[in-house]
1. Yes or no: the stretch 260-269 includes at least one residue that is polar (S, T, N, Q) and buried (at least 17 other Cβ atoms within 10 Å of the Cβ).
2. Assuming Val30 fulfils every condition listed in (1) part of a loop (DSSP other than H, G, I, E, B); (2) within 21 Å of the chain's Cα centre (by Cα) apart from one, which condition is it?
3. Working only within the stretch 137-162, note down all residues that are in contact with a helix residue (DSSP H, G or I) (Cβ under 8 Å, 6 or more places away or on another chain) and surrounded by fewer than 19 Cβ atoms within 10 Å (Cβ to Cβ).
4. Could you figure out which of (1) of a type in the set (Gly, Ala, Ser); (2) part of a loop (DSSP other than H, G, I, E, B); (3) free of Cβ contacts under 8 Å to residues at least 12 places away in the same chain; (4) not assigned by TED's automatic domain parsing to the domain that holds Lys11 isn't true of Gly195?
5. All but one of (1) buried (at least 16 other Cβ atoms within 10 Å of the Cβ); (2) of a type outside the set (Asp, Glu); (3) not assigned by TED's automatic domain parsing to the domain that holds Ile151 hold for Ala241; which doesn't?
6. Consider Phe57 against the criteria (1) assigned to a loop (DSSP other than H, G, I, E, B); (2) among the aromatic types (Phe, Trp, Tyr); (3) over 14 Å from Glu16 (Cβ atoms): it satisfies all of them except one. Which criterion is unmet?
7. Criterion first (of a type in the set (A, V, I, L, M) and out of contact with any strand residue (DSSP E or B) (no Cβ under 6 Å at 6 or more places or on another chain)) does Ala321 satisfy it?
8. Given the condition more than 19 Å from Ile365 (Cβ to Cβ) and under 25 Å from the mean Cα position of the chain (by Cα), answer yes or no: does some residue in the stretch 320-338 qualify?
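The values are calculated or read from the model by the stated rules, or taken from the named source; none is laboratory data. On a predicted model such as this, the values are computed, not experimentally measured, just so you know. Ideal geometry is used to build each Cβ from the backbone, glycine not excepted, and the neighbour counts take in all protein chains shown.
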Amino acid sequence: MRSSLPKVLHKVAGLEMVNHVAKAVEEAKVEKCVIVTGNQSRMVEDAIGASSKKASFYQQRERLGTANAVLAAEAAVEQNYDDVLVLFGDTPLLRSETLVKMRNCLADGADVAVLGFDTENPDGYGRLIENDGQLIAIREHKEASEKELAIRFCNGGIMAINGKKCLELVKSITSNNSKGEYYLTDLAQIAYERGLKVVAHKGDEQEILGINNRVELAQAEQIWQERRRRQLMLSGVSMIAPHTVFLSHDTKIGTETTLEPYQVFDLGVTIGERVNVKAYCHFEQCRIDDGCDIGPYARLRPGADIAKSGKIGNFVEVKNAKIGVGAKVNHLSYIGDAVIGKEANIGAGTITCNYDGTNKHITNIGAGAFIGSNSALVAPVSVGENAYVGSGSVVTKNAPSDSLVVSRAQQTIMEGRAVVLRNKAMAFKKKKMDKERKG
C-alpha cells in the first residue's frame, strides 16, 4: 500500500477493511472472533476494539505463512468449537451470508470447505482441483500443470474447518517451499488424503477481492458503493444519478427520500423519510428528520439536527445546531452552535457569530422569529419568540418576544457627491496609467 498505516486499517466507506470483516463475522452470529496481528499490532487492536468488544487478539511473531498465522491463535482453536472460519482482514466486501453458507457446508457433513470463485482471468490464483464432487487439492499457479492452468475455478482463500479436527490438520502442514513458510492451502489435500470430506463452495469473485494496493482499494470502494446504493434504492430511496452518490458504511436513509446528483455522506448521517435532497450537498455526523428539504449546495456538519419539515437551502452551512420543526434557513447563511425554534425564518446572509477566538457560544432564536437578511447574531444572545430582526442588523443584546430589533448605521444621502468621487477616482487612474507608460 506504500503507507505507514497497516494495510487492513485502510478504509472502505469510512470503515477499516478489517472491521468490515469483523462486522460480517458478527452478523453471521459467529460465537467468537479471534484476530491474528503482525506488525503494528497495537494500532490494529485499537481500531478493532473500538468497533468490537468481543474480539480477542493473538500476535504472529514470525511471518511463516497462513498456517502459521492460524497456529498463532492455537489457544483459541484448541477450545474445540464446532467449526472454525479462517478469514482475511483485507477482504472488505465479504458478506455474512457467505459465512453462513460456509458453515452450512460443515453442518452438511464436510470437514473442510473452501470458498472459491469462477474468473475469466485466473492468472496468479491457486486452482481448485475437484474429483467426484470433492476438493482434492489447491494448486498454486506456479506449480500447476498445463491442464490445471486451464481451470477457471480459483481459490478465494477463505476456509471453514471442522473445529474438532482443525488444530490437528493445521499442525500437519509442513514447510515444503523455498520460502520456508507453512501454507494453509495444503490443508485441503491433507484432509482429502485422510479420507475426510473436503468441498469447494462457489462464491462471488468481487466478494473475495483482496486488497494489496490503492488501485484495488479504490476498486473495492466502487463495488461497495454500487452494492449499497442498490440496497437503498430497493428499500425505497430514489437516486437520480446513483453513481454520483457516495455513502458511508453507517449511512441511514429513509423510504421515499429522493437524492439528486452529487451527494457525499460522511460518517454518522441519518436521514428520515420523504426528504428531498437537492444536488451537491455534503453531510457529516448529522440528523435530518422526515419531510425536510435540503440544498442545493448545503453543508451539514457534526451536530446539525434538522427537525421535521425543516428547510436548509443553497449555500447554507449548519454546525452543532438544532433547527426546529418547519424552520427555514433558505440561503447563504451560517448557523453554528444555535437553537432555532419552530417555524422561525432565517434570512439570506445571516450568520451566528459563535466564536470569540477562544470559546464557542450559543445563539437561541425563538419559535416564529424572523431574522432579516444580512444579520449577524453575536453569541451568546437570544431572540425571543415571534421577534423581528431588521435586515442588516448586528444583534448583541437579548431581544424579547414580539420585539423589533434594528441595529445599523443611520443612512446618509449626499446629493451629487457620487460625481465628485467618480472624477477623483478617474483622475487617479489616469495618473497611474501615464506613469506606467513613461516608466
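1. yes
2. Val30 satisfies every listed condition except (2).
3. Within the stretch 137-162, His141, Leu149 meet the criteria.
4. Against the list (1) of a type in the set (Gly, Ala, Ser); (2) part of a loop (DSSP other than H, G, I, E, B); (3) free of Cβ contacts under 8 Å to residues at least 12 places away in the same chain; (4) not assigned by TED's automatic domain parsing to the domain that holds Lys11, Gly195 comes up short only on (4).
5. Among (1) buried (at least 16 other Cβ atoms within 10 Å of the Cβ); (2) of a type outside the set (Asp, Glu); (3) not assigned by TED's automatic domain parsing to the domain that holds Ile151, Ala241 violates only (1).
6. Answer for Phe57: the failing condition is (1).
7. no
8. no
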